[in-house]
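The values are calculated or read from the model by the stated rules, or taken from the named source; none is laboratory data. This structure is a prediction, so every number in the text was calculated from the model and none was measured. Backbone-built Cβ (ideal geometry, glycine too); neighbour counts: all protein chains shown.
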């Protein structure tokens, strides 16, 4: 089993009730990100981010507009990551026909649930 599968399982299990209780897609991500950020069992920040996104995706109907929006935004993020890594990118292939969620912006928000981060607790 890959680390990402384990991470998604851990974060998904811990965040499931909060994700299910959230009414909007943005609130679902805020709930998942709040659980994933600085998780003591999943210490890699990139893995925390991906696991939280996976935790939300598994709660969405695969035929829904929200599911499609998440996938399109993830494809865009992957394209930018590839470009920054020096991989040639065809910008004409980037999908722009969706309303961005702002996953990176949500992830970077420090106060997702009015909880201090560990660095704020122990400087």
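Quick check on region 46-66. Is at least one of its residues farther than 23 Å from residue 9 by Cβ and either touching a strand residue (DSSP E or B) at 6+ places or on another chain (Cβ under 6 Å) or at pLDDT 90 or above (or both)?
We begin by selecting, within region 46-66, every residue farther than 23 Å from residue 9 by Cβ; these are 63, 65.
Next cut, either touching a strand residue (DSSP E or B) at 6+ places or on another chain (Cβ under 6 Å) or at pLDDT 90 or above (or both) only: 63, 65.
Yes - at least one qualifying residue is present in region 46-66.
Among the numbered conditions (1) surrounded by fewer than 17 Cβ atoms within 10 Å (Cβ to Cβ); (2) free of Cβ contacts under 8 Å to residues at least 60 places away in the same chain; (3) within 14 Å of residue 56 (Cβ to Cβ), the only one that residue 36 does not meet is (1). Evaluate region 85-97: report whether one residue or more is more than 19 Å from the chain's Cα centre (by Cα), modelled with pLDDT of 85 or more and part of a helix (DSSP H, G or I). No. Could you count how many residues in region 38-49 are out of contact with any helix residue (DSSP H, G or I) (no Cβ under 6 Å at 6 or more places or on another chain) and assigned to a helix (DSSP H, G or I)? Going through region 38-49 one residue at a time, the tally reaches 2.
Do you know which residues across region 50-65 are surrounded by 16 or more Cβ atoms within 10 Å (Cβ to Cβ) and either part of a loop (DSSP other than H, G, I, E, B) or more than 10 Å from the chain's Cα centre (by Cα) (or both)? Steps first, answer last, please.
Kept after step one, since they are surrounded by 16 or more Cβ atoms within 10 Å (Cβ to Cβ), are these residues of region 50-65: 50-57, 59-60.
59, 60 - these are the residues of region 50-65 that are surrounded by 16 or more Cβ atoms within 10 Å (Cβ to Cβ) and either part of a loop (DSSP other than H, G, I, E, B) or more than 10 Å from the chain's Cα centre (by Cα) (or both).
May I ask you to list the residues in region 13-34 that are in a helix (DSSP H, G or I) and over 11 Å from the mean Cα position of the chain (by Cα)? 13, 14, 15, 16, 17, 18, 19, 20, 21, 25, 27, listed by residue number.
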